[in-house]
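Participant: Here it is, the structure in full.
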Amino acid sequence: MNFRWDIIIEYMPYLLKGTLLTVGFSIGSILLGTILGLLIGLGRTMRNKVLAFPFLVYVTVFRGTPLLVQIFLIHFGAVPLFLGETNAITAGVIALSLNAAAYIAEIFRAGIQSIDRGQMEGARSLGLTHGQSMRYVILPQAFKRMIPPLGNEFIVLLKDSSLLSVIAAPELMYWGRAMGGQYFKVWEPYLASAFIYLILTLVLSYLLNLLERRMKTE
């Protein structure tokens, strides 16, 4: 096997540009997904089953269908429907955010329900409203327990962003496929892409471990 380092060097600027977009996709999607996931997670914890049902349906649909199918539906269906034409970056952020929100909602729900009910009762007895009790008492305690699964979701989202290459979003995997298509090579483009993904996940795991240890000492 004639492994060609020269084509990796040639494509490295494109791979680095794609890496920046991959990181951007991941950060933007995890932020939007966390906000939406918090709202859905709170909706899932409502005692009124009728009001909680739409949130359950959302979580069930997005967790029960493949992300690739969701990307196609949003890219070729939802985005053109509302914007008149499709856009790979817009569709990518929306698809990743909506998908991540379903999983993050379950993380929030589990975190909130893991806090002893006496915490809420104690806060309410002090005169706090339900919303204030949730904001100042329950969520701060639950958030510390949610850091590991939220970190795992961030890592999964980072890797899942590679699926956006199928709609020509110019992220890391897109340029890896472009390299393979130009030179009809397999090992060089995909090993180079895999190595960059590995570096990203290792760095992210290290930072998340630091954050988790810091939260435990506070």
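Participant: Taking Cα atoms, how many degrees apart are the long axis of helix 172-183 and the longest axis of the chain, rounded to 10 and kept between 0 and 90?
Facilitator: The answer is roughly 20 degrees.
Participant: Remind me, relative contact order of the stretch 5-217 in percent, using alpha carbon pairs under 8 angstrom and six or more residues apart? Present the calculation step by step, with values, prior to reporting the outcome.
Facilitator: On the way: 232 pairs, mean separation 62.3, N = 213.
It comes to 29 percent, rounded to a whole number.
Participant: Positive end of the dipole of the chain, charges at C-beta (+1 Lys, Arg; -1 Asp, Glu), about the Cα centre: which of Y58, L200, S162 has its Cα farthest in that direction?
Facilitator: The residue sitting farthest along the positive end of the dipole is Y58.
Participant: Quick check: net charge around L16, other residues with Cβ under 13 Å of its Cβ, Lys/Arg +1 and Asp/Glu -1?
Facilitator: Values: positive: K17; negative: E10, E171.
For residues surrounding L16, the net value is -1.
Participant: Can you give the charge dipole size of the stretch 102-218 about its Cα centre, rounded to the nearest 20 debye, using +1 on the beta carbon of Lys and Arg and -1 on the beta carbon of Asp and Glu?
Facilitator: Values: 12 positive and 9 negative charges, 49 e Å.
Once rounded to the nearest 20, the dipole reads 240 debye.
Participant: For G37, what charge total do you get from the other residues with a beta carbon under 13 Å from its beta carbon, if Lys and Arg give +1 and Asp and Glu give -1?
Facilitator: Working: positive: R44, R63, R109; negative: E106, E153.
Around G37, the surrounding residues sum to +1.
Participant: Then there is this: Cα-based Rg of the stretch 75-218 per 2.2 N^0.38 Å, rounded to two decimals? Walk me through the numbers before you get to the answer.
Facilitator: On the way: Rg = 20.8 Å, N = 144, 2.2 N^0.38 = 14.5 Å.
Against the empirical 2.2 N^0.38 Å value, I get 1.43 for the stretch 75-218.
Participant: Any idea what the dipole of the stretch 5-217 comes to, in debye rounded to 20, about its Cα centre with Lys/Arg Cβ at +1 and Asp/Glu Cβ at -1?
Facilitator: My answer is approximately 940 debye.
Participant: I've got another one for you. Go through 33-41, 129-137 and give me the packing order, highest mean Cβ count within 10 Å leading.
Facilitator: Details: 33-41: 20.6, 129-137: 13.8.
Answer by packing, highest mean first, reads 33-41, 129-137.
Participant: Find how many whole Å separate the alpha carbon centroid of the stretch 1-47 from the alpha carbon centroid of the stretch 173-203.
Facilitator: With the stretch 173-203 and the stretch 1-47 each reduced to a Cα centre, they are spaced 15 Å.
Participant: Of the options G24, A178, L210, report the single residue whose Cα projects farthest towards the positive end of the charge dipole of the chain (beta-carbon charges: Lys, Arg +1; Asp, Glu -1).
Facilitator: Comparing the listed Cα positions along the dipole, L210 ranks first.
Participant: Angle between the Cα long axis of helix 88-113 and the longest principal axis of the chain, 0 to 90 degrees, nearest 10?
Facilitator: Here the helix axis deviates by roughly 30 degrees.
Participant: Can you tally the net charge around V59? Count Lys and Arg as +1, Asp and Glu as -1, for every other residue whose Cβ sits under 14 Å from the Cβ of V59.
Facilitator: Details: positive: R44, R63, R109; negative: E106, E153.
Neighbour charge sum, excluding V59 itself: +1.
Participant: Report, ordered by chain and residue number, the aspartates and glutamates lying within cross-link reach of K17, taken as a straight Cα distance under 14 Å and ignoring same-chain residues fewer than 8 apart.
Facilitator: Here the aspartates and glutamates satisfying the reach criterion relative to K17 are E171.
Participant: Calculate how steeply helix 49-64 sits against the longest principal axis of the alpha-carbon atoms of the chain, using the helix alpha-carbon long axis, and give the answer as 0 to 90 degrees to the nearest 10.
Facilitator: Roughly 20 degrees between the two axes.
Since every read-out is calculated from the coordinates, none of them should be taken as a lab result. Remember, it's a predicted structure, so these values are computed and weren't measured experimentally. Virtual Cβ from ideal backbone geometry, glycine too; neighbours counted across all protein chains shown.
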